[in-house]
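The values are calculated or read from the model by the stated rules, or taken from the named source; none is laboratory data. From a predicted model like this one, the values you see are computed outputs, not experimental measurements. Every residue, glycine among them, receives a Cβ derived from its backbone with ideal geometry; neighbour counts consider all protein chains shown.
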Amino acid sequence: MNVLGVVFDLDGVIVDTAEFHYIAWKNLGKKLGIEIDRSFNERLKGVSRMDSLDRILEMKGLKETMTSEEKEALAKEKNDEYVKLINTIKPSDMLPGIKDFLEDLKSNNIRIGLASASKNALPVLKRLDAEKYFDYVADPNLCKKNKPAPDIFILAAKGLHLRPENCIGVEDAAAGIEGINSAGMFSIGIGDKKTLRDADLILSSTKKLNLDVLNIIK
């Protein structure tokens, strides 16, 4: 495989904002009388904001009873709290090994893209001082379908002016791995082998990401 580009997810791959999402969703759930535990929160990883909200509302049979306007208001409330939390992010919060890997990719002229369902991706990258590494950040608003559909990964490859088969996708969520595979990219999963069993390659930590991994794939 001729690797010309690497497309990253954000949460759980570049930086761990999962706890911030959990806190914000949990507080919203409490307001609605819905208990959100960490196990349920795992099902929201890699899922868009509105789809996550629908999954939460389904727990109490509220999905079909709320208007789209009411849902938008709840999603905004959750996002406002999440934005307050991510404003505490700093460059040192980048996950282990990621900064070195991004710099090595740049040095070797491998294009770098971001394919995150988060609409806050750019502010997070800026707070991490990592925006400079990315050649293209895919906008989830331009995608008809969210992960696990391949739309955002295909968009990222297009933005990098590359064919998907010349790209590697890096994810920590099963929905993301499914999207990468459907896009025709080689998939690298970061985390649990059972959860990410459909990935082409599974690494236990971001610390294992390096150019040697790309050489193995080639």
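If you check residue 46 against the conditions, is it of a type in the set (Gly, Ala, Ser) and modelled with pLDDT of 95 or more?
Numbers: of a type in the set (Gly, Ala, Ser): yes; modelled with pLDDT of 95 or more: no.
Taking the combined requirement at face value, the residue does not satisfy it.
What tally of residues in the range 193-218 results from selecting those that are closer than 26 Å to residue 146 by Cβ, of a type outside the set (Val, Ile, Thr) and in contact with a strand residue (DSSP E or B) (Cβ under 8 Å, 6 or more places away or on another chain)? First the steps, then the outcome.
Pass one, the range 193-218, residues closer than 26 Å to residue 146 by Cβ: 193-203, 206, 209.
Retained after the next criterion (residues that are of a type outside the set (Val, Ile, Thr)): 193-194, 196-201, 203, 209.
Next cut, in contact with a strand residue (DSSP E or B) (Cβ under 8 Å, 6 or more places away or on another chain) only: 193, 196, 198-201, 203, 209.
Matching residues across the range 193-218 total 8.
Please go through the range 111-133 and pick out each residue that is surrounded by fewer than 20 Cβ atoms within 10 Å (Cβ to Cβ) and either part of a strand (DSSP E or B) or in contact (Cβ under 8 Å) with a residue 60 or more places away in the chain (or both).
The initial filter retains those residues of the range 111-133 that are surrounded by fewer than 20 Cβ atoms within 10 Å (Cβ to Cβ), namely 119-120, 122-123, 126-127, 129, 131-133.
Residue satisfying the conditions is 119 alone.
Would you kindly identify the helices (runs of 4 or more DSSP H) lying entirely within the range 1-69 that contain at least 2 residues that are under 25 Å from residue 177 (Cα atoms) and of a type in the set (Lys, Arg)? It would help to see each step written out before you state the result.
Working: elements: 18-32, 38-42, 49-58.
The helices (runs of 4 or more DSSP H) meeting that bar are 49-58.
Which of the residues that make up the range 171-208 are among the aliphatic types (A, V, I, L, M) and in contact with a helix residue (DSSP H, G or I) (Cβ under 8 Å, 6 or more places away or on another chain)?
Looking only at the range 171-208, we keep the residues that are among the aliphatic types (A, V, I, L, M), and these are 173-175, 177, 180, 183, 185, 188, 190, 196, 199, 201-203.
Selection gives 180, 183, 185, 188, 190, 196, 199, 201, 203.
Condition test on residue 39, is it out of contact with any helix residue (DSSP H, G or I) (no Cβ under 9 Å at 6 or more places or on another chain), at negative phi, modelled with pLDDT under 90 and hydroxyl-bearing (Ser, Thr, Tyr)?
Considered against the rule, which asks whether it is out of contact with any helix residue (DSSP H, G or I) (no Cβ under 9 Å at 6 or more places or on another chain), at negative phi, modelled with pLDDT under 90 and hydroxyl-bearing (Ser, Thr, Tyr), residue 39 comes out as yes.
When the residues of the range 70-96 are narrowed to those that are of a type in the set (S, T, N, Q) and not in a helix (DSSP H, G or I), which ends up nearest to residue 150 (Cα to Cα)?
In the first step, residues of the range 70-96 are kept if they are of a type in the set (S, T, N, Q); the result is 79, 87-88, 92.
Pick out the ones that are also not in a helix (DSSP H, G or I) and you get 87-88.
Details: 87: 30, 88: 31 Å.
If we take residues in the range 70-96 being of a type in the set (S, T, N, Q) and not in a helix (DSSP H, G or I), then 87 is nearest to residue 150 (Cα to Cα).
Looking at the range 177-200, is at least one residue assigned to a strand (DSSP E or B), touching a residue at least 40 places away in the same chain (Cβ under 8 Å) and more than 22 Å from residue 47 (Cβ to Cβ)?
Kept after step one, since they are assigned to a strand (DSSP E or B), are these residues of the range 177-200: 186-190.
Add one more test, that the residue is touching a residue at least 40 places away in the same chain (Cβ under 8 Å), and what stays is 186, 190.
Then drop every residue that is not more than 22 Å from residue 47 (Cβ to Cβ), which leaves 186.
Scanning the range 177-200 turns up at least one residue that is assigned to a strand (DSSP E or B), touching a residue at least 40 places away in the same chain (Cβ under 8 Å) and more than 22 Å from residue 47 (Cβ to Cβ).
Is it fair to say residue 104 is touching a residue at least 40 places away in the same chain (Cβ under 8 Å) and under 17 Å from the mean Cα position of the chain (by Cα)? Before the answer, list the steps.
Working: touching a residue at least 40 places away in the same chain (Cβ under 8 Å): yes; under 17 Å from the mean Cα position of the chain (by Cα): no.
It is false that residue 104 is touching a residue at least 40 places away in the same chain (Cβ under 8 Å) and under 17 Å from the mean Cα position of the chain (by Cα).
Is it the case that some residue within the range 137-148 is assigned by TED's automatic domain parsing to the domain that holds residue 10, under 18 Å from residue 14 (Cα atoms) and out of contact with any helix residue (DSSP H, G or I) (no Cβ under 7 Å at 6 or more places or on another chain)?
The answer is yes; a qualifying residue exists.
Just a yes or no: is a residue in the range 42-52 crowded, with 16+ Cβ neighbours inside 10 Å and more than 22 Å from residue 195 (Cβ to Cβ)?
No - not one qualifying residue is present in the range 42-52.
Within the range 53-73, track down each residue that is farther than 24 Å from residue 173 by Cα, surrounded by 15 or more Cβ atoms within 10 Å (Cβ to Cβ) and in contact (Cβ under 8 Å) with a residue 12 or more places away in the chain.
Once the filter is applied, which keeps residues that are farther than 24 Å from residue 173 by Cα, surrounded by 15 or more Cβ atoms within 10 Å (Cβ to Cβ) and in contact (Cβ under 8 Å) with a residue 12 or more places away in the chain, the range 53-73 yields 62, 71.
So, in the range 141-176, how many residues would count as being modelled with pLDDT of 95 or more, under 11 Å from residue 115 (Cα atoms) and assigned to a loop (DSSP other than H, G, I, E, B)?
Total satisfying the criteria: 1.
Scan the range 97-156 for residues that are in contact with a Phe, Trp or Tyr (Cβ under 9 Å, 6 or more places away or on another chain) and of a type in the set (Asp, Glu) and report the count.
Residues that pass the stated criteria total 1.
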